[in-house]
Amino acid sequence: MSRSHTADPTVKPFDWFHRPVGDIKRPSPHFALERRAPGFLRCQHATARASAPQPCLQHKGDPIAMMNLVVIVADTFRWDHVSGVCPTPRMQTPFLERFSEKCVIFDQFYSGSFPTLPHRTDCFTGKFLCMEKGWAPLDRNVPTLAGMLTEKGYRTQLITNCPHLMSNDHYYQRGFQFYHWVRGQEADPVFSVGNAVQPAQPLPDKKTRHSFPQPGWNLGSFTKWQHGRWQWEEDYQPAQTARDASKWLEWNHADGPFFLWVDFFDPHEPWDAPDYLVKRYADPKYKGVPMIHPNYGPADVYTPAELHNMQAHYKAECALVDKWVGHVIQKIEDLGLMENTMVVFTTDHGIYVGEHNRTGKSNIYKPDPRHWPIYEELAHIPFMVWHPQAKGGGRHVKGFAQPVDLTATLLAAAKAKAPKEFHGLSLLPAMTGAAKRAPRNYAVCCEKTDNPVLITDRFLYHPFGEGPKGGPCKPALYDRLADPMCEKNIVAKKRDEAARLQKIVRGFFQENGASETVVSKYV
């Protein structure tokens, strides 16, 4: 089941992208259920011109003047699980690896504001959300990437199965002329089929997540319970999302410049890929409950066999996403769009599957007393981009970059001017070879405003690294060259280095407009 919506033709062009909250005429959150609009893609084509200026048709001159933009995000896709990006991957992703052979790959791309919604805010606004807050709806008063591209004459479309973008009045579709929500992911229940499914053994309380109270959440057969009508791989969430994106491309590829944002929620848990993919990675001797959910707590509550099964389910989900992201990229190639289209693949963050005695990405397991800092497994993310004018061919670029830089890069590719208050830096010079490196010397990834990690070529530094949940926490410093897994805190031996890095963190918040209350945490 899905929801779709087109822009309201009664609203003056573009005003709704930037108006104050009280002046916005907002679409009904239940549009698809109320209107039952047939064929969300075809009806969009017909109504676009009523709510936006006529976009220019693709012309045969300079392709950069009419550059199409496609961004593909696959939530929770670890950098070290993408072959062609990571030099020593934990698994093979043949479809993404094939794409990487055409791309420019940014080796030191790191998440900024963490996790899901803060990352999308960074991307959609070009500003670090962690300067002021954490998980939150998209600010109604801030210009958006989609809104600016619409003003530039682009047709803008969001296709997503990430429930958090659309639910609870989060309003991350703001600025897009059209949006389409593929329903049923994670805690977005649509139909249950409890009478028809034989429940699997529930996961023990200490071995599953507790933040979703919906029925069946702790079942090893959760997917069959919530999506009993799924029979084939094409029924699964990544396939539905990819097929809808491919249909949109078929119906819109020749009608002027477009901006398409395809947001896969997988390989986020639940890790519910088809069994034949799980068997590719799982131990055939394992007879326990399928470990499809991390507990967002300590990893040592699992047996080694259970932890291996969890890792197998995650890899299977990555393999499923790899295939269906490849489906979208193949459609772009089939339509002859590579000559005038910039295509980006990335994610928002990774996840722990046993590292640092953790599973999940944050501590929401009440009995776990530990503070959870952000390590490499969460912060380091894949970022590869195809651009027809770039020096690609699988070229790897050094130097740090972050999601706010994606925003600046897309606007630069569209020849649109970025607002002065943007934090992002364009990556186009590094992509085309005009610059040898990405523009940053370090990266800061931060949850809310008070859990940052600083990554440099040599060190990983936590201002608040070790301590109890809720603090107080002491700094932690790791030598990434000598200790790649960041298991030996050397802050006691390198206090001068820690003090230098602390100043960099403080400067990061100061330079990007954080309040004095936030900055004062990093004295």
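The values are calculated or read from the model by the stated rules, or taken from the named source; none is laboratory data. The shown structure was predicted, so the numbers you read here are calculated from the model rather than taken from an experiment. Heads up, the Cβs are rebuilt from the backbone with ideal geometry, glycines too, and the neighbour counts pull from every protein chain shown.
For residue 420, indicate whether it is among the charged types (D, E, K, R), outside any strand (DSSP E or B), without any contact (Cβ under 8 Å) to a residue 24 or more places away in the chain and out of contact with any strand residue (DSSP E or B) (no Cβ under 6 Å at 6 or more places or on another chain).
Taking the combined requirement at face value, the residue satisfies it.
Within the stretch 274-315, take every residue that is touching an Asp or Glu at 6+ places or on another chain (Cβ under 6 Å) and either in contact (Cβ under 8 Å) with a residue 60 or more places away in the chain or of a type in the set (A, V, I, L, M) (or both) and give me the one that is farthest from residue 230 (Cα to Cα).
Of everything passing the filter in the stretch 274-315, 298 is farthest from residue 230 (Cα to Cα).
Only one of 381, 374, 364 is closer than 26 Å to residue 522 by Cα, at pLDDT below 95, touching a Phe, Trp or Tyr at 6+ places or on another chain (Cβ under 8 Å) and not polar (S, T, N, Q). Can you tell me which?
When all the criteria are applied, what remains is 364.
Can you name the number of the only condition in (1) more than 24 Å from residue 117 (Cα to Cα); (2) outside the structural domain of residue 400 (by TED's automatic domain parsing) that residue 433 fails?
Answer for residue 433: the failing condition is (2).
Could you give every pair whose Cβ atoms fall below 9 Å, whose first residue belongs to the stretch 231-256 and is at positive phi, and whose second residue is surrounded by fewer than 21 Cβ atoms within 10 Å (Cβ to Cβ), counting only separations of at least 6 or pairs across chains?
256/54; 256/55; 256/56; 256/57; 256/58; 256/153
Output the qualifying pairs, or none if there are none: Cβ atoms under 9 angstrom, residues six or more apart or on different chains, first residue in the stretch 322-341 and in the same structural domain as residue 389 (by TED's automatic domain parsing) and crowded, with 23+ Cβ neighbours inside 10 Å, second residue among the acidic types (Asp, Glu) and modelled with pLDDT of 95 or more.
That search, which allows pairs on different chains as well, returns 322/97; 324/266.
Every residue in the stretch 342-369 that is buried (at least 17 other Cβ atoms within 10 Å of the Cβ), hydrophobic (A, V, I, L, M, F, W, C) and over 16 Å from the mean Cα position of the chain (by Cα), please.
Result: 342, 353.
Return the residue satisfying two criteria in turn: it lies in the stretch 275-304 and is assigned to a helix (DSSP H, G or I) and in contact with a Lys or Arg (Cβ under 8 Å, 6 or more places away or on another chain), and of such residues it is farthest from residue 356 (Cα to Cα).
280
Among what's in the stretch 381-396 and is in contact with a Lys or Arg (Cβ under 9 Å, 6 or more places away or on another chain) and surrounded by fewer than 23 Cβ atoms within 10 Å (Cβ to Cβ), pick the residue that is nearest to residue 485 (Cα to Cα).
So the residue we want is 394.
Can you name the residue in the stretch 465-523 that is touching a helix residue (DSSP H, G or I) at 6+ places or on another chain (Cβ under 6 Å) and of a type in the set (Gly, Ala, Ser) and, of all such residues, is farthest from residue 297 (Cα to Cα)?
Of everything passing the filter in the stretch 465-523, 513 is farthest from residue 297 (Cα to Cα).
Which condition does residue 400 not pass, out of (1) farther than 24 Å from residue 514 by Cα; (2) touching a residue at least 12 places away in the same chain (Cβ under 8 Å), if it passes all the others?
Going through the list (1) farther than 24 Å from residue 514 by Cα; (2) touching a residue at least 12 places away in the same chain (Cβ under 8 Å), residue 400 breaks only (1).
If I ask for residues that are small (Gly, Ala, Ser) and outside any helix (DSSP H, G or I), which ones from the stretch 319-338 would you list?
336
Select from the stretch 77-106 the residues that are of a type in the set (Gly, Ala, Ser), in contact (Cβ under 8 Å) with a residue 40 or more places away in the chain and within 20 Å of residue 376 (Cα to Cα) and list them in ascending order.
Within the stretch 77-106, 84 is the sole residue that qualifies.
Looking at the stretch 150-158, can you tell me whether even one residue there is of a type in the set (S, T, N, Q) and closer than 19 Å to residue 421 by Cα?
Scanning the stretch 150-158, I find no residue that is of a type in the set (S, T, N, Q) and closer than 19 Å to residue 421 by Cα, so the answer is no.
Let's see how each residue does on (1) surrounded by fewer than 22 Cβ atoms within 10 Å (Cβ to Cβ); (2) at pLDDT 95 or above:
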position: 272; (1), (2): no, no
position: 283; (1), (2): yes, yes
position: 308; (1), (2): yes, yes
position: 313; (1), (2): no, yes
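For residue 49, are the conditions met, namely being modelled with pLDDT under 90, over 20 Å from the mean Cα position of the chain (by Cα), outside any loop (DSSP other than H, G, I, E, B) and of a type in the set (Lys, Arg)?
When the stated conditions are applied, residue 49 passes them.
Can you tell me which condition residue 164 does not meet? The list is (1) surrounded by fewer than 24 Cβ atoms within 10 Å (Cβ to Cβ); (2) more than 24 Å from residue 186 (Cα to Cα); (3) touching a Ser or Thr at 6+ places or on another chain (Cβ under 6 Å); (4) of a type outside the set (Val, Ile, Thr), and all the others hold.
Residue 164 satisfies every listed condition except (2).
Yes or no: residue 266 part of a loop (DSSP other than H, G, I, E, B), modelled with pLDDT of 95 or more and not β-branched (Val, Ile, Thr)?
Yes, satisfied.
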